[in-house]
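The structure appears right after this line, and notes come after that.
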Amino acid sequence: MSWTYEDFKKAILDLTGIDLSSYKEKQMKRRIDSLISRSGYDGYQTYYRALVEDKEKLDRFLNYITINVSEFFRNPGQWTILEKEILPDLLKKHGNLKIWSAACSSGEEPYSLVMLLAKFLPLERIRILATDIDREALDKARKGIYDARSLQSIPQELVHRYFKPFNGLFAIDPQIKACVEFRRHDLLNDPFPGNCHLILCRNVMIYFTEEAKVKIYKKLHEALYPDGVLFVGSTEQIIIPHMYGFQPLKPFFYKKM
Ligand SMILES: C[S@@+](CC[C@H](N)C(=O)[O-])C[C@H]1O[C@@H](n2cnc3c(N)ncnc32)[C@H](O)[C@@H]1O
């Protein structure tokens, strides 16, 4: 009998530890079905076999399903609030900040944060933990080389200060890179870091089921230091923040109560 999507999800969980059941079913299944037929396989089982036999194909599959579109200073208005209101307040209270950029994709988000923090602190005092489930995205993040399009929202003076042309692309300053530690982390399975003063978790919750979101918001709350701030994506406002112990600060920013 041919495999159902349920069989495929179970096999992928056993093979990779990634639980597709926690991602919105309709959207994820549509993407996978379309990938399978575009790649010329006749169903889940044959496609799964190809993934087991070919590590590169498996990496490409994981990269495809995790959707790592990102850009520097994504939604610039929110970064202005971060710069003018949230960071000055956190720095005044805590001095050294423990910061986590969760689901950081290929590094645009944590590097944007370093460029912003460098307006307040010397680079030696800036440390950011940046994590993602996707190893390919993390490899790209560690290289720190980007095309002109992803630099669009970076103020020109920061582009001049922190990027160098490199084979038609742009390489980020090694000193900015040194402020970020990239690590693989699955928001659905792995333990969260603790005592963070600021967590960015943006443009990833949209892919998860309601059940998975509830679990993650609770864990993000636990991961924050008292008064710590969670910065979410532009379509990811938390409907009932008090349910998780969050107090809305500004649109897209929540404080741990
Ligand atoms: C659309 S990108 C968002 C990148 C960045 N935060 C931003 O807002 O530009 C979504 C990222 O979530 C990551 N992701 C998906 N599922 C994840 C999981 N279970 N745990 C951690 N990261 C995950 C993907 O690999 C991808 O890099």
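Annotations for the structure displayed:
- Residue 2-residue 243 pseudo-label distance in nm [points 7 Å out on the Cα-to-Cβ vector]: 3.9 nm
- In degrees, nearest ten, helix 108-117 long axis to first principal axis of the chain (Cα): 10 degrees
- For the chain, calculated [θ]222 nm from helices alone, where every DSSP H run of n ≥ 4 adds -39500 (n - 2.57): -12000 deg cm²/dmol
- Linear extension gain, residue 25 paired with residue 136, 0.36 nm per residue minus alpha-carbon span: 37.6 nm
- Among residues other than residue 224 with Cβ under 14 Å from its Cβ, the summed charge is +4 (Lys and Arg +1, Asp and Glu -1).
- DSSP-defined antiparallel bridges as percent of all bridges, the chain, nearest 5: 45 percent
- Acute angle (nearest 10 degrees) that the helix 44-53 long axis makes with the longest principal axis of the chain, alpha-carbon atoms: 70 degrees
- With a Förster radius of 30 Å applied to the C-beta separation of residue 156 and residue 60, the computed FRET efficiency comes to 0.25.
- Rounded percent of accessible protein surface that carbon and sulfur make up, the chain, 1.4 Å probe: 52 percent
- Around residue 115: net Lys/Arg minus Asp/Glu count, Cβ-Cβ under 14 Å: -2
- For the range 76-256, the relative contact order works out to 21 percent when only alpha carbon pairs closer than 8 Å and six or more residues apart are counted.
- Cβ charges +1 (Lys, Arg) and -1 (Asp, Glu), total dipole of the range 5-66, debye: 300 debye
- Remark: the range 125-257 carries a charge dipole of roughly 340 debye about the Cα centre, counting +1 on each Lys and Arg Cβ and -1 on each Asp and Glu Cβ.
- 3J(HN,Hα) along the range 131-145: 10, 7, 7, 9, 5, 5, 5, 5, 4, 5, 4, 5, 6, x, 10 Hz, from the Karplus curve 6.51 cos²θ - 1.76 cosθ + 1.60 with θ = phi - 60°, whole Hz, x for Gly and Pro.
- Surface per residue (accessible, 1.4 Å probe) for the chain, Å²: 50 Å²
- Full extension of the chain between residue 183 and residue 42 gives 47.2 nm of extra length, using 0.36 nm per residue less the Cα-Cα distance.
- Cβ crowding within 10 Å averaged over residues, with 95-106, 60-71, 205-216 ranked highest first: 95-106, 60-71, 205-216
- Of 164/218; 92/218; 10/55, pairs whose Cα-Cα distance is over 30 Å: 164/218
- Packing-based ranking of 165-171, 42-48 yields 42-48, 165-171, ordered from highest to lowest mean Cβ neighbour count within 10 Å.
- When the chain is treated as a GNM with alpha-carbon contacts under 10 Å, the residue of 183, 142, 161 showing the greatest mean-square fluctuation is 161.
The values are calculated or read from the model by the stated rules, or taken from the named source; none is laboratory data. Because the structure is predicted, anything quoted here is derived from the model rather than measured. A quick note on method: Cβ atoms are made from the backbone with ideal geometry, for glycine too, and the neighbour counts reach across all protein chains shown. Side chains included, ligands, DNA and RNA excluded: accessible areas come from the protein's heavy atoms. Shrake-Rupley method; radii C 1.70, N 1.55, O 1.52, S 1.80 Å.
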